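Colleague: Sharing a structure below in C-alpha coordinates format, with a few things to ask.
The values are calculated or read from the model by the stated rules, or taken from the named source; none is laboratory data. Remember, it's a predicted structure, so these values are computed and weren't measured experimentally. Note that we place each Cβ from the backbone using ideal geometry, even for glycine, and neighbour counts take in every protein chain shown. Surface accessibility is based on the protein's heavy atoms, side chains included, excluding ligands, DNA and RNA. Shrake-Rupley method; radii C 1.70, N 1.55, O 1.52, S 1.80 Å.
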Amino acid sequence: MTGLKEGEERVTLDLLTKKMDDFARERDWERFHSPRNLLLALVGEMGELSEIFQWKGEVPKGLPNWKDEEKQHLGEELSDVLLYLVRLSDVCGVDLGKAALRKVELNALKYPVNVDGGSKKQEL
Ligand SMILES: [Mg+2]
(Lines give C-alpha, C1' and ligand atoms only; values in the text may rest on other atoms or scores of the structure.)
Protein backbone atom coordinates (compact mmCIF):
# COMPACT_ATOMS: atom_id res chain seq x y z
CA MET A 1 0.00 0.00 0.00
CA THR A 2 1.71 3.16 -1.20
CA GLY A 3 -1.07 5.64 -0.45
CA LEU A 4 -0.76 6.91 -4.01
CA LYS A 5 -3.68 7.18 -6.40
CA GLU A 6 -3.28 5.77 -9.90
CA GLY A 7 -1.00 8.02 -11.96
CA GLU A 8 0.20 9.91 -8.90
CA GLU A 9 3.93 10.44 -8.51
CA ARG A 10 5.58 10.02 -5.10
CA VAL A 11 6.95 13.38 -4.01
CA THR A 12 10.58 13.13 -2.98
CA LEU A 13 13.34 15.68 -2.55
CA ASP A 14 15.04 14.13 -5.60
CA LEU A 15 11.90 14.68 -7.70
CA LEU A 16 11.58 18.30 -6.54
CA THR A 17 15.29 18.88 -7.19
CA LYS A 18 14.95 17.55 -10.75
CA LYS A 19 11.78 19.55 -11.42
CA MET A 20 13.45 22.76 -10.20
CA ASP A 21 16.53 22.05 -12.31
CA ASP A 22 14.38 21.39 -15.40
CA PHE A 23 12.31 24.52 -14.72
CA ALA A 24 15.41 26.72 -14.51
CA ARG A 25 17.14 25.13 -17.51
CA GLU A 26 14.08 25.38 -19.78
CA ARG A 27 13.88 29.14 -19.09
CA ASP A 28 17.64 29.73 -19.17
CA TRP A 29 17.40 30.91 -15.56
CA GLU A 30 20.42 28.92 -14.35
CA ARG A 31 22.56 32.04 -14.75
CA PHE A 32 20.38 33.77 -12.10
CA HIS A 33 20.42 30.84 -9.70
CA SER A 34 23.59 31.63 -7.80
CA PRO A 35 23.69 30.57 -4.15
CA ARG A 36 23.36 34.18 -3.00
CA ASN A 37 20.41 34.95 -5.28
CA LEU A 38 18.63 31.80 -4.23
CA LEU A 39 19.23 32.52 -0.55
CA LEU A 40 17.75 36.00 -0.95
CA ALA A 41 14.77 34.57 -2.84
CA LEU A 42 14.29 32.03 -0.04
CA VAL A 43 14.33 34.78 2.59
CA GLY A 44 11.81 36.76 0.50
CA GLU A 45 9.49 33.75 0.42
CA MET A 46 9.89 33.33 4.19
CA GLY A 47 8.64 36.91 4.44
CA GLU A 48 5.60 36.07 2.31
CA LEU A 49 4.94 33.02 4.49
CA SER A 50 5.27 35.13 7.65
CA GLU A 51 2.79 37.69 6.31
CA ILE A 52 0.08 35.02 6.31
CA PHE A 53 0.40 34.66 10.09
CA GLN A 54 1.14 38.31 10.78
CA TRP A 55 -1.31 39.97 13.20
CA LYS A 56 -3.38 36.81 13.63
CA GLY A 57 -2.05 36.06 17.10
CA GLU A 58 -1.60 32.39 18.02
CA VAL A 59 -3.60 30.04 15.81
CA PRO A 60 -4.66 26.47 16.72
CA LYS A 61 -3.08 23.48 15.02
CA GLY A 62 -4.92 22.43 11.88
CA LEU A 63 -6.07 26.02 11.36
CA PRO A 64 -9.74 25.06 11.88
CA ASN A 65 -11.13 28.56 11.33
CA TRP A 66 -9.22 29.36 8.15
CA LYS A 67 -10.97 29.62 4.79
CA ASP A 68 -9.99 27.21 2.02
CA GLU A 69 -8.43 30.09 0.08
CA GLU A 70 -6.24 31.00 3.07
CA LYS A 71 -5.04 27.41 3.44
CA GLN A 72 -4.37 27.21 -0.28
CA HIS A 73 -2.33 30.41 -0.11
CA LEU A 74 -0.43 28.98 2.87
CA GLY A 75 0.35 25.85 0.83
CA GLU A 76 1.66 28.00 -2.01
CA GLU A 77 4.00 29.99 0.21
CA LEU A 78 5.20 26.89 2.07
CA SER A 79 5.94 25.40 -1.35
CA ASP A 80 7.87 28.48 -2.47
CA VAL A 81 10.06 28.16 0.63
CA LEU A 82 10.58 24.43 0.08
CA LEU A 83 11.36 24.80 -3.62
CA TYR A 84 13.93 27.56 -3.09
CA LEU A 85 15.49 25.56 -0.25
CA VAL A 86 15.72 22.49 -2.49
CA ARG A 87 17.19 24.56 -5.34
CA LEU A 88 19.68 26.32 -3.05
CA SER A 89 20.83 22.98 -1.66
CA ASP A 90 21.23 21.59 -5.18
CA VAL A 91 23.34 24.46 -6.55
CA CYS A 92 25.48 24.29 -3.40
CA GLY A 93 26.07 20.57 -3.93
CA VAL A 94 24.37 19.59 -0.67
CA ASP A 95 22.27 16.43 -0.55
CA LEU A 96 19.45 17.94 1.49
CA GLY A 97 17.78 14.64 2.34
CA LYS A 98 20.98 13.11 3.69
CA ALA A 99 21.93 16.32 5.49
CA ALA A 100 18.50 16.52 7.14
CA LEU A 101 18.60 12.89 8.29
CA ARG A 102 22.07 13.44 9.74
CA LYS A 103 20.82 16.57 11.52
CA VAL A 104 17.91 14.67 13.07
CA GLU A 105 20.42 12.11 14.40
CA LEU A 106 22.67 14.86 15.76
CA ASN A 107 19.68 16.52 17.44
CA ALA A 108 18.70 13.20 19.02
CA LEU A 109 22.18 12.88 20.49
CA LYS A 110 22.12 16.47 21.69
CA TYR A 111 18.64 16.13 23.18
CA PRO A 112 18.20 12.55 24.42
CA VAL A 113 14.73 11.38 25.40
CA ASN A 114 14.13 12.33 29.00
CA VAL A 115 13.29 9.11 30.80
CA ASP A 116 12.18 11.10 33.87
CA GLY A 117 9.25 12.51 31.87
CA GLY A 118 10.22 16.12 32.41
CA SER A 119 10.38 18.64 29.60
CA LYS A 120 13.58 19.98 28.13
CA LYS A 121 14.13 23.29 26.47
CA GLN A 122 13.92 23.01 22.66
CA GLU A 123 16.70 24.71 20.78
CA LEU A 124 17.73 23.23 17.44
MG1 LIG B 1 5.60 33.30 -2.74
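Colleague: Kindly rank 74-85, 55-66, 30-41 from highest to lowest mean number of other beta carbons found within 10 Å of each residue.
Modeller: Numbers: 74-85: 15.7, 55-66: 8.7, 30-41: 13.6.
Taking the mean over residues of other Cβ atoms within 10 Å, the ranking is 74-85, 30-41, 55-66.
Colleague: What helices does the chain hold that run 18 Å or longer along their axis, going by alpha-carbon atoms, with a Kyte-Doolittle average of 0.0 or more, using DSSP H for the helix calls?
Modeller: On the way: long enough: 13-26 (19 Å, -0.65); 35-53 (28 Å, 0.66); 68-91 (34 Å, -0.31); 96-110 (20 Å, 0.08).
Qualifying helices, which must be both long enough and hydrophobic enough, are 35-53, 96-110.
Colleague: Based on DSSP H runs of at least 4 residues, each adding -39500 (n - 2.57), what is the mean residue ellipticity at 222 nm of the chain after dividing by all its residues, to the nearest 500 deg cm²/dmol?
Modeller: Numbers: 4 runs with 72 residues, N = 124.
About -19500 deg cm²/dmol.
Colleague: Which sequence of 86, 94 reflects their accessible areas, 1.4 Å probe, from the largest down?
Modeller: Order by accessible area, largest first: 94, 86.
Colleague: So, one more: First check a/c for the range 1-71, with a ≥ b ≥ c the square roots of the eigenvalues of its C-alpha gyration tensor; if it is under 1.5, answer rounded, and if not, answer prolate when a/b is larger than b/c or oblate otherwise. Let's see the in-between values first.
Modeller: Numbers: a/c = 3.00, a/b = 1.21, b/c = 2.47.
Oblate, because a/c is 1.5 or more while a/b does not exceed b/c.
Colleague: At 1.4 Å probe size, put 20, 46 in order of accessible surface, largest to smallest.
Modeller: Greatest to least solvent exposure: 46, 20.
Colleague: Excluding ligands and nucleic acids, what accessible area in Å² is computed for residue 53 using a 1.4 Å probe, to the nearest 10?
Modeller: 80
Colleague: Enter the accessible area of residue 51 (Å², nearest 10), with the probe set to 1.4 Å and all protein chains included.
Modeller: The accessible area of residue 51 comes to roughly 120 Å².
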